[in-house]
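The values are calculated or read from the model by the stated rules, or taken from the named source; none is laboratory data. These numbers come from a predicted model, not from an experiment. Cβ coordinates were reconstructed from backbone atoms using ideal geometry, including for glycine residues, and neighbour counts include every protein chain displayed.
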Amino acid sequence: MSVFGVIQDVINENKFTFYIFFGFFIGFIALRQYLYGTRYTGAARLDNKTVIITGASSGIGKEVAKNLAKRGAKVILACRDLKKTNKVADEIKRQIRDAKIGVKHLDLASFKSVCSTAQVT
């Protein structure tokens with residue numbers, strides 16, 4: 001008897017258990033897809049769009065800034081540490097020839113800083 005024959009016999013003897021297991025498996029896959037979704041792979045152009053990114057001096061903000069600059073957006077990096085942010089802006093300009101990058105000082109803990117950044121931008 002082949003392996004497939006043995007599997008078929010087990011399924012036939014325990015149909016209810018098999019259907020329960022199969023239902024949980026499909027439910028788990030559906031829940032995982034719902035919770036985590038799919039990765040965005042679009043590359044829509046963002047010409048004539050302006051984006052302000054806070055926290056762009058490192059991590060996710062930096063990568064988002066690179067991606068948006070690559071897609072043609074005017075990117076404004078708004079951070080507290082201007083020295084670090086200017087280094088990031090220079091790095092992006094080196095990597096992306098036509099990048100439109102601006103740097104603004106922004107301290108989100110200060111309402112005055114938020115207002116002045118909003119007026120300048």
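Odds and ends about this structure:
- Among the residues here, Tyr40 does not qualify as assigned to a helix (DSSP H, G or I), aromatic (Phe, Trp, Tyr) and modelled with pLDDT under 95.
- Failed criterion for Ile76 (all others in (1) among the hydrophobic types (A, V, I, L, M, F, W, C); (2) in contact (Cβ under 8 Å) with a residue 40 or more places away in the chain; (3) part of a loop (DSSP other than H, G, I, E, B) hold): (3)
- Meets criteria (exposed (fewer than 15 other Cβ atoms within 10 Å of the Cβ), under 24 Å from the mean Cα position of the chain (by Cα) and in contact (Cβ under 8 Å) with a residue 12 or more places away in the chain) for Ala44: yes
- Residues that are crowded, with 19+ Cβ neighbours inside 10 Å, small (Gly, Ala, Ser) and over 14 Å from Lys100 (Cβ atoms) within segment 57-81 comprise Ser57, Ala78, listed in sequence order.
- Selection within segment 47-73 - modelled with pLDDT of 90 or more, part of a loop (DSSP other than H, G, I, E, B) and within 16 Å of the chain's Cα centre (by Cα): Arg71
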